[in-house]
Amino acid sequence: MKFFSNILLQTSRNLQKTWATQFMTLLTVSLSVLIFSFFFLIYTNMIKAGERLGDDLRLTIYLEEEPVLEMQSQLVRKITNFNQVEEIRFTSRDDAYNRLATQLGDNVDVLDDLDPSFLPPSIEVYPKKNLSSLAQIKRFSEYLSTLPGAIKVQYGQEWIERFNYFTKLLRIIVLLSGTLLILTTTFMVAYTIRLAVVARQAELEILRLLGATNGYIRTPFLIEGFLQGLLGSTLGLLALFFLFRWIELHFSGPGFLQLVEFTFFSPTIIGIIIAASITLCTGGSFSSMRKFMRI
Amino acid sequence: MDTPPAKKSIVEIVRATKIYTPDVVALEDISLSITYGEMLFLTGMSGAGKTTLLKLICGMEHPDKGLVEVAGKDLNRIKGVEIPQLRQQIGMAYQDFKLLPDRTVAQNIAMAMEVSYQSIRTIKKRVIELLQKLRMEHKHDALAGKLSRGEQQRVTIARAVANSPKLILADEPTGNLDSKTTRLVMELFEQCNISGTTILIATHDEGIYKKSENRVLELHSGRLVQPADRTISTPNNMP
Ligand SMILES: Nc1ncnc2c1ncn2[C@@H]1O[C@H](COP(=O)(O)OP(=O)(O)OP(=O)(O)O)[C@@H](O)[C@H]1O
Ligand SMILES: [Mg+2]
């Protein structure tokens, strides 16, 4: 109790002396958290959307010859060697013909004059539904086209590549804004703490002569860093949340955003972002003290 | 040392020399021991090295040669948390006061007790008590920077005494005070001494030590000399 009331007294004295800078730092921290978590939120939602889109994902390998049973198991082995798959389905010439026939329905008579074996046999590969298999799809299809007897491999090339490009770009943006977050928070906090240390140099000198321990002198500054991290990240996340709600309210007409269901961070992610900010700010404060406090 | 336990020394200085860079010999070959509960005076001309000697004892300066031991701790070897622990046991009234001008009198005095995590209530009571003893209760909330020198002097003395340290080092505590206020300060020191605190007072003010029974040390250009009609003695010769 005595310890805490003393330390809190010290902290409030610190804050009084440098509140303007402290406030600027708080804003910087919140803004960095806002920018980072904004892109991170989009990224996590993209990943979720990617998983959902992946449900319809399949690669079709057209073959020259219908593979015999022995050949089929060999092909399965080769395919699963490269990538994990959900399912492999073989389609014979007859299956393909029948499927086309059912698809044509009433117009089935157009097939009458044709040889039922005009459609090539094929293998349909359903990759595992995760982002990495989505990202690898091009290499996977290239690999599949080297399988013995393969003529051609088909998948939804265009949108998948666009999607991949977009997630890659987002990942870079997330990494950059994450770096920005780390740099600004630690440097800004270190800078403010330095100012606070300098502003109180005379006092710290006297405190040391009076027998103040390192803990007594440092703890208020660490608490400052801690508060910067806690308040800054909470403010940033709150701002993002209200932005998110606003977008939801104004753009959630039929169609558009409904297409990809947008969700906010889970409590765990929120906790991690706040904890990380606190760690960064307290660390910044600590490193600044090590540099500028002669203890 | 084979001094009996009752006469154990709180300060033990053996052949200490202090040279300020580049070549100011402030103290030379000083040997001194002060027993627990003693009250003694340190005199000497301006520049003789009184302040330097006090700084050696409180660990603000280190000797270039020799040994300084306080409460059994060698100040050259002491490290980590022992330093603040020892400093909390030493109350120093600085010649240049070392007050924070933008804090109130009460806050300045409280600092000495805050560093050892005393409760706020204890601190408040003690501050008021000390200010009353020094006739400064009306300056409780005045800014230290706005005080007269004599008032600042009393604040630094109150701060040195506040935490009830084992050892009080007072550097020229009455330099700016009239004789009546000097009396108040000396009464405060005597009270502390009666309750067991060791007190070392550096002073030019002959008035405060002439009639006293206590030991008087004299510095002359950095060396301890023997005052005319007294003996610089081992603690054993004390009254
Ligand atoms: N930090 C310093 N750097 C260099 N020289 C110093 C320093 N402090 C003190 N001195 C010198 O050391 C000598 C002793 O100084 P000290 O302050 O101990 O004297 P003093 O006896 O306290 O004098 P006074 O009675 O005027 O306070 C002086 O010659 C002084 O100039
Ligand atoms: Mg002096």
Problem set entry | Qualifying residue in the stretch A:226-243 (condition: over 30 Å from the mean Cα position of the chain (by Cα), in the same structural domain as A:Arg13 (by TED's automatic domain parsing) and free of Cβ contacts under 8 Å to residues at least 60 places away in the same chain) | no
Exercise. Taking the condition under 30 Å from A:Lys78 (Cβ atoms), touching a residue at least 40 places away in the same chain (Cβ under 8 Å) and surrounded by 14 or more Cβ atoms within 10 Å (Cβ to Cβ), does A:Ile182 pass?
Worked result: no
Exercise. In the stretch A:29-46, how many are open to solvent by 40 Å² or more (accessible area, probe 1.4 Å) and either of a type outside the set (Phe, Trp, Tyr) or within 14 Å of another protein chain (Cβ to nearest Cβ) (or both)?
Worked result: 4
For this session: Within the stretch B:156-180, track down each residue that is more than 13 Å from ligand 2 (Cβ to nearest atom) and charged (D, E, K, R).
Result: B:Arg159, B:Lys166, B:Asp178, B:Lys180
Exercise. Taking the stretch B:23-48 as the region of interest, how many residues are over 14 Å from the mean Cα position of the chain (by Cα) and either on the phi > 0 side of the Ramachandran plot or near ligand 1 (Cβ under 9 Å from one of its atoms) (or both)?
Worked result: 10
Problem set entry | Residue that is farthest from A:Arg200 (Cα to Cα), among those in the stretch B:94-108 that are within 16 Å of ligand 1 (Cβ to nearest atom) and open to solvent by less than 30 Å² (accessible area, probe 1.4 Å) | B:Tyr94
Seminar exercise, completed: The number of residues in the stretch A:251-287 that are modelled with pLDDT under 85 and part of a helix (DSSP H, G or I) is 1
Exercise. Out of the stretch B:43-70, which residues are open to solvent by 40 Å² or more (accessible area, probe 1.4 Å), part of a loop (DSSP other than H, G, I, E, B) and within 14 Å of another protein chain (Cβ to nearest Cβ)?
Worked result: B:Met60, B:Glu61
Exercise. Residues in the stretch B:83-105: is at least one more than 11 Å from every other protein chain (Cβ to nearest Cβ) and over 19 Å from the mean Cα position of the chain (by Cα)?
Worked result: yes
Exercise. So B:Val14 clears everything in (1) more than 14 Å from every other protein chain (Cβ to nearest Cβ); (2) open to solvent by 50 Å² or more (accessible area, probe 1.4 Å); (3) within 16 Å of ligand 2 (Cβ to nearest atom) except one condition, right? Which one?
Worked result: (3)
Exercise. So, in the stretch B:19-46, of the ones that are more than 25 Å from B:Ile78 (Cα to Cα) and in contact (Cβ under 8 Å) with a residue 12 or more places away in the chain, which residue ends up farthest from ligand 2 (Cβ to nearest atom)?
Worked result: B:Met39
Exercise. Can you pull out the residues in the stretch B:152-205 that are away from chain A (no Cβ under 14 Å), within 14 Å of ligand 1 (Cβ to nearest atom), over 16 Å from B:Thr35 (Cα atoms) and touching a residue at least 40 places away in the same chain (Cβ under 8 Å)?
Worked result: B:Gln153, B:Ala170, B:Glu172, B:Pro173, B:Gly175, B:Ala202, B:Thr203, B:His204
Problem set entry | Tabulated pairs, the stretch B:108-120, first at the interface with chain A (Cβ under 7 Å from one of its Cβ atoms), second open to solvent by less than 10 Å² (accessible area, probe 1.4 Å), C-beta under 6 angstrom, 6+ apart or interchain | B:Ala112/B:Arg159; B:Ala112/B:Ala162; B:Glu114/A:Asn6; B:Val115/A:Gly211; B:Val115/A:Ala212; B:Val115/A:Tyr216; B:Tyr117/A:Asn6
Exercise. Before we move on, is A:Arg171 in contact (Cβ under 8 Å) with a residue 12 or more places away in the chain and more than 30 Å from B:Pro165 (Cα to Cα)?
Worked result: yes
Problem set entry | Residue that is within 11 Å of chain B (Cβ to nearest Cβ) and among the aromatic types (Phe, Trp, Tyr), where the choices are A:Tyr191, A:Tyr216 | A:Tyr216
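The values are calculated or read from the model by the stated rules, or taken from the named source; none is laboratory data. Remember, it's a predicted structure, so these values are computed and weren't measured experimentally. Because the Cβ atoms are built from the backbone with ideal geometry, glycine has one as well, and the counts that use them run over all protein chains shown. Keep in mind that these areas ignore ligands, DNA and RNA; they rest on the heavy atoms of the full protein, side chains included. Shrake-Rupley method; radii C 1.70, N 1.55, O 1.52, S 1.80 Å.
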